[in-house]
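For reference, the structure is listed below as structure tokens.
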Amino acid sequence: MRRNGAPTLALLLCIVFAVPCLAGGAAQGQSESEQSRLLEVRRKQLELQSVRSELARKQELFNQGLVSKAELDAAKSRLTGAELDYQEAVLALLTLEPRVSVRRAVKIQAPDGRRLVQLTLANLTAAFDDSQLKLLSNFEGSAPIPDALKTRVLRDLFVSVRDSGSADVTGRLTGRGVTIALPYEVHIPELRYGDSRTLTFQLLRDVDSALVNISQKGQVQEIELQLEQEQTGSVADVASTQISQEADLGGQATYDLRLERSTVDVRSLQLKALNLPRQVSYSFLEPQGEARVSQINFPAGVRQQSLKLRLFLPDRSDQSVTIDEPLVFWVLAVGNGDTGKFAAERLYTPEEIRRSRAGSLRLELIPRGVGRIELTAESLFAETDPGRSVETTFKLRNTGTRRLDNVQLTAEAPTNWRVELTPPTIPALDAHREQNVRLRINTPADVAVGDYEIRIRTQSYAYNRQVPSEDKIFRVSVKAKSKLWIAGGVLGGLLLLAAGILVSVVKLTRR
């Protein structure tokens, strides 16, 4: 046994130490885990060959009656265990983690405005060369090596694009692993070694970085990467989620803009808004402090910047700014060398803008008229006696820029007072028009002396929106009844007395 065991051990040492030399450059390209598993397969092969040789020797000795049946059965049991160990080592080598590389991850914008990501995946799982397979198979009686070790074909790959996560106020990473692209998962039936496959996903949320999740037979590979920006002919891509807005005359509208470049060099871009009427002024603002800016800088390594565009509408409409007629204009990010192309104050055609290298975005603003209601009177005060009535006239004016619909007038008065507004309802009142409204107040006969208030409210709608209005207060002062018949009787008596005295004096003077 010593004579047979020594050569076997020597052969084992020679092969183990010779393996790295025979593998050569192929072993250098493999990971440490793969090399160790490969050596484990070779070691199990040597052990299997040694056990088989031992069993053959035991069988010969048993036939000669030199060993017992128990010793032969023990040798057969050791052979079975060695074969299982060898198969287990081969399976471990076959289940090495697949190496799928992302060669490109480009974010593009479709003509319809959707954000897409194109992923190019390649199978770079290390294969075993002919010398390694020959060395593995060059043992008498060894089980055949599976062809999959040579081809390394990956089957049933499932690929998805997920959120790489963001830090909340506490610094904890949230949202990581959430699928953010359609389709949610793409199935690749087969990917051969060295082959590549390009997949297209639609982003559900515009992001700059993503997590590519690759699953294959229970093994998951996650690759976190920064998305490239598609190379375009313009210096920057301009985007906004609010491409069309409405704003009241005299108000303002704000657009959130995002500028993104495909390169990471240092660059400054001039900001312009074209084809706006002169009555509409605008300002580009920083997103935080809202400082006004006329150009935006891209430092080295920065591909994306955000800012705001704020438009200010005039108080009145005219031929250039018409109510309910969209104003179409363009936002441009122009390189410093191309600012002269848009220096003239004129309307530029879409073709002129597209031919330039400027980053451009078509926006729309719809001016809406504003309804304003005003109720006035020459006086909001009157005096009266109990049981008497008061009448006055109000003027109801539409001082806005849109027609008022369904104008209603109501009054709140003290108990038992009767207040009439004529007319109580006005179906429509055009802009800059007025309507007379008569107010009649009847006071009760038993009302107490004092000052009272009548509150007059107006309610109307313009463009299906309620128009805010201010209540008017009409004050009524009730005085005590004056007894005029007593004053008239006293005055009449005094007149008669004066007349009698006058007659007597005349008679006396005649005598």
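Relative to one another, the C-alpha centroids of segment 285-364 and segment 192-210 are positioned 33 Å apart.
Taking all Cα pairs closer than 8 Å and separated by 6 or more residues, the relative contact order of segment 290-380 comes to 35 percent.
Do any trypsin sites (Lys or Arg not before Pro) in segment 402-463 lie in a loop, going by DSSP, with at most 16 other beta-carbon atoms within 10 Å of their beta carbon, and if so which? Within segment 402-463, the qualifying trypsin sites (Lys or Arg not before Pro) (loop, at most 16 other Cβ atoms within 10 Å) are Arg433.
Return the loop-located GluC sites (Glu not before Pro) in segment 348-388 (DSSP other than H, G, I, E, B) with at most 14 other Cβ atoms within 10 Å of their own Cβ; answer none if there are none.
Working: sites: Glu351, Glu352, Glu364, Glu374, Glu378, Glu383; in loops: Glu378.
Filter output for segment 348-388: Glu378.
Please work out the FRET efficiency for the pair Ser268 and Val178, using the Cβ-Cβ distance as r and a Förster radius of 25 Å; give the result to the nearest 0.05. If you can, show how the numbers build up before the last one.
On the way: r = 36 Å, r/R0 = 1.46.
Using R0 = 25 Å, I get an efficiency of 0.10.
With Cα atoms as the point set, segment 237-368 shows a radius of gyration and Dmax of 14.9, 47 Å. Given their separation in residues at 0.36 nm each and the Cα-Cα distance between them, Lys76 and Ser477 gain 131.9 nm when the chain is fully extended. Averaging Cα coordinates gives a centre for segment 427-442 and one for segment 374-413; these two points are 8 Å apart. Our estimate of slack between Glu325 and Arg57, defined as 0.36 nm per intervening residue step minus the Cα-Cα distance, is 86.3 nm. Take every pair of alpha-carbon atoms less than 8 Å apart whose residues are at least six positions apart; their mean separation over the length of segment 373-478 yields a relative contact order of 36 percent. Measuring from a point 7 Å past the Cα of Ile366 along Cα-to-C-beta, which residues in segment 232-276 have an amide N at less than 11 Å? Label zone hits: 244-247. As a calculated quantity, the FRET efficiency between Leu66 and Gln87 at R0 = 30 Å, using C-beta atoms, amounts to about 0.40.
Summary value for segment 237-368: 36 percent relative contact order, contacts being C-alpha pairs under 8 angstrom separated by 6+ residues.
A short reminder: the numbers here are calculations on the coordinates, not readings from a lab. In this text, all values refer to a predicted model and were calculated from it rather than measured experimentally. Neighbour counts run over all protein chains shown; Cβ positions are idealised from the backbone, glycine included.
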